[in-house]
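The values are calculated or read from the model by the stated rules, or taken from the named source; none is laboratory data. None of these values were measured; they are calculated from a predicted model. Neighbour counts run over all protein chains shown; Cβ positions are idealised from the backbone, glycine included.
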Amino acid sequence: MDTLRDKVCVITGAASGIGRSIAHALAGRGARVVAVDRDADGIDVLARELADRGAAVLAHRADVADPEAFQGVRGAALHEFGRVDVVVNNVGVLTNGLPQDIPVTEWQRILDINLMSVVRSNDAFLTLLLEQGSGHLVNTASFAGLFTYSYDRMPYAATKAAIVQISEGLAIYLRPKGIGVSLLCPGPVLTNIAAAVPTFGGGAPLRIPGEQFELLDPAPVGELVADAILANRFFVPTHPQVVDELRRRLDDWDAYIDYQISREPR
């Protein structure tokens, strides 16, 4: 994609954090934004901010856990703008607890929001993009989906690992058809994702990917995504040094597990 000007970009989880920063970055490059979130007040504020900057924006309230949500998003986008060019699947929620304490029902909730929202998004938009022969998908995963350190939030990590696999498969399939795919993998980024995290069994200490990964403001992340869309780049980590961590695990996976065990007292 050589320009974002006048491209119609659907962004889920747009009311705050990384989603909000992506909306600002894409709008700043001339895109028309469909801002999707269940936080109606949040996307209304975002819509006013973008409109004040001269951007065309549609605020659409939807809960991505609703099986019909993405059909509604697709219909609203087409009604307002007549097409869809970019779809950013950015919604993600956390849970906290030791593996034996997190109930199956909580696994189902996290899977339904984090993973099945991407599946439902694909169901709503892939045919449309294929018919156009152009477009771009952005899926937000996490460092937790790239290498294992976060047994305290295993359902979240499992869904993010699945998104890595889905995204790579889609890239192999869609790139020859003129449709780009980018995999955004945030490390520590200052968002409100942990503002209301359910806790089970008394909770578990938060494990971080490593002290070498500084906490980032979300604003530059939006610019990373905009650049990746224009460059048709697949892997978009917020901290490039994560590649060294992935190589370290690949070199000796058993030793890497021992290293993760040794990082914190049990």
Checking ILE261 against (1) of a type in the set (Val, Ile, Thr); (2) under 21 Å from the mean Cα position of the chain (by Cα); (3) closer than 19 Å to PHE213 by Cα, the condition it does not meet: (2)
Condition broken by ARG120, with the remaining ones in (1) buried (at least 18 other Cβ atoms within 10 Å of the Cβ); (2) closer than 25 Å to PRO218 by Cα; (3) not hydrophobic (A, V, I, L, M, F, W, C) satisfied: (2)
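Determine, yes or no, whether ALA226 is of a type outside the set (Val, Ile, Thr), within 30 Å of THR105 (Cα to Cα), in contact with a Lys or Arg (Cβ under 9 Å, 6 or more places away or on another chain) and surrounded by 14 or more Cβ atoms within 10 Å (Cβ to Cβ).
Answer is no for this residue.
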The lone exception for ILE172 - which of (1) surrounded by 14 or more Cβ atoms within 10 Å (Cβ to Cβ); (2) modelled with pLDDT of 95 or more; (3) aliphatic (A, V, I, L, M); (4) more than 21 Å from CYS9 (Cα to Cα) it fails: (1)
Some residue of region 187-209 being of a type in the set (A, V, I, L, M) and either outside any loop (DSSP other than H, G, I, E, B) or over 22 Å from PRO99 (Cα atoms) (or both): yes
Subset tally (residues that are farther than 21 Å from ARG83 by Cβ and of a type in the set (Val, Ile, Thr)) for region 1-24: 1
The listed residue being closer than 22 Å to PHE213 by Cβ and crowded, with 23+ Cβ neighbours inside 10 Å, out of LEU190, LEU184, LEU137: LEU184
Single unsatisfied condition, ARG83 versus (1) within 22 Å of SER182 (Cα to Cα); (2) touching an Asp or Glu at 6+ places or on another chain (Cβ under 9 Å); (3) not in a helix (DSSP H, G or I); (4) not aliphatic (A, V, I, L, M): (2)
